[in-house]
Amino acid sequence: MHVIAINSAPDRAELCEPGQAALERFVMGHQLQETTDSFVRDAVPGPDNAVLTIVEAFCQHLKSRCPHKSYKNDASRLRAFFGQVCDELRLGRPEGAATKSYPDKFAHVHVKVDFLEDVSPAMINRFISDRIREDTWSPKTANDFREVLHRLFAFAIRHHGFSTLDRRFLNPVTAVQRQREPAPQIRFLTLEQIEKQLRILEGHFVIRALVATYIYAGLRREEALWLTSEDMDLAKRIIRVQAKTIDGQNWQPKTRRNRAVPISERLLGILGKYQPTHPGIWFFSSPKGKRWHPDNFSQDLRRINKAHGVDWGCLDFRHTFGSQLAQKGESLYKIATLMGNSPAICQRHYAALIPETMHDTVEFPTAAARGLDCMTMRRGRDCGADSANRRRCIRESQTCSIARNPPRLPSTPSLGRRRTLKLKTACAPRSQNLAG
């Protein structure tokens, strides 16, 4: 091992390893140290990297790009970690001059940091572990929380020049391991239960038409509540799920992709008898004639079903659509297209419901499957000491095999093939010709 003794200046360095290579390594080491010092100086947190500034800008970014429900869920996850550090994360809603406040159940566990650089992977790991242990977070909830933090730091890197103090990770959340999610447990209605649910809602015309749309079209809860009269084309039997802006409020599907869902005969019969109860643009309006709030609709549906001893909800109705199509034998790609999902999600939810089409694949080969020759050979082996009978059985098996697979006769070479053979023979070495 070579040792480099370094004094105050490079020209006075005592190089125990002679040669130009040692000097070059010494100079490169000084340059690397200067680069590291510059990186650390630049990474010192400044006013632009304060948690208040970045989190508030990130929330405004989410509000302008994400659906309202997705934004509220992401803001709730950020609030659980950072607390109410900005106006976008304040709990409560304005009610006139006053503000109705709500308790913060994570107030005792917020991570108190002034700058985003102070957040380390160990902090995030401890927070997630504590929430799983104390608040019984599911693996999916933990992964959703990790994902929104990863997007926050990615936003800070792009727009605020964030640089983590731990040079091993560009984004500190990459050092946080995802939780292993179990197989999804879905619940769906059978054909008899579908009829029972529709009978329960006989006297509630709007709710019955909505539930039928969820079951027979597979729409999400908000997708059906945002349908307008222009989206429902009963003449062409099409439901258009598309982005729209109404009264200054923007809405778009969860996957940000418009789609068209065909109306089945059963659903057409129900919607054909349905008439909107209030004039306006909404096809399914609330009792007040406005757009039905998703939580209010679920509450009304839950109250009616509870009175009849059932607890089915909108997610069960949506899974019913996918499950019934999968049991019918439709491809997962078609189901994903109709439901506005990715094929991977449909694979997780409905692959186990596809009809059993691989029974023949798991069967081992039998004598009948191998053909007559196997049966004949078995008869020849069972002939015992009668060698003449054994030879006769083997000859029969060979004859049957030749009859099924006749030998291929050599074909006459073409003109081009004959010329190639002549050229190869003419170009062969004389020693080979003499030997021939």
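The values are calculated or read from the model by the stated rules, or taken from the named source; none is laboratory data. A quick note: this is a predicted structure, and the numbers were derived from the prediction, not measured. Note: ideal-geometry Cβ built from the backbone for every residue, glycine included; neighbour counts use all protein chains shown.
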- Query: Quick one: T361 ticks every box in (1) over 19 Å from T213 (Cβ atoms); (2) among the hydroxyl-bearing types (S, T, Y); (3) in the same structural domain as T255 (by TED's automatic domain parsing) bar one, so which box is it?
  - Reply: (3)
- Please identify the pairs in which a residue from segment 328-341 that is within 11 Å of V261 (Cα to Cα) has its Cβ atom under 9 Å from the Cβ atom of a residue that is small (G, A, S) and in a helix (DSSP H, G or I), counting only partners at least 6 apart or on another chain. I335/G322; I335/A326; L338/A217; L338/G322; M339/G322
- Message: Being under 25 Å from the mean Cα position of the chain (by Cα) and farther than 20 Å from W292 by Cα is the requirement here; does R151 meet it?
- Response: yes
- Query: Of everything in segment 247-275 that's modelled with pLDDT of 90 or more and of a type in the set (V, I, T), which residue is surrounded by the fewest Cβ atoms within 10 Å (Cβ to Cβ)?
  - Reply: I270
- Item | Residues of segment 290-311 that turn out to be within 21 Å of T245 (Cβ to Cβ) and out of contact with any Phe, Trp or Tyr (no Cβ under 8 Å at 6 or more places or on another chain), as a count | 2
- Task: Inspect segment 301-313 for any residue being more than 20 Å from A212 (Cβ to Cβ) and at pLDDT below 90 and give the result as yes or no.
- Result: no
- Message: When you scan segment 308-316, do you find a residue that is surrounded by 12 or more Cβ atoms within 10 Å (Cβ to Cβ) and within 20 Å of the chain's Cα centre (by Cα), even just one?
- Response: yes
- Taking segment 113-127 and keeping residues without any contact (Cβ under 8 Å) to a residue 24 or more places away in the chain and not aliphatic (A, V, I, L, M) leaves R126
- Query: Mind checking whether some residue in segment 279-300 is touching a residue at least 24 places away in the same chain (Cβ under 8 Å), in the same structural domain as R240 (by TED's automatic domain parsing) and over 19 Å from E222 (Cβ atoms)?
  - Reply: no
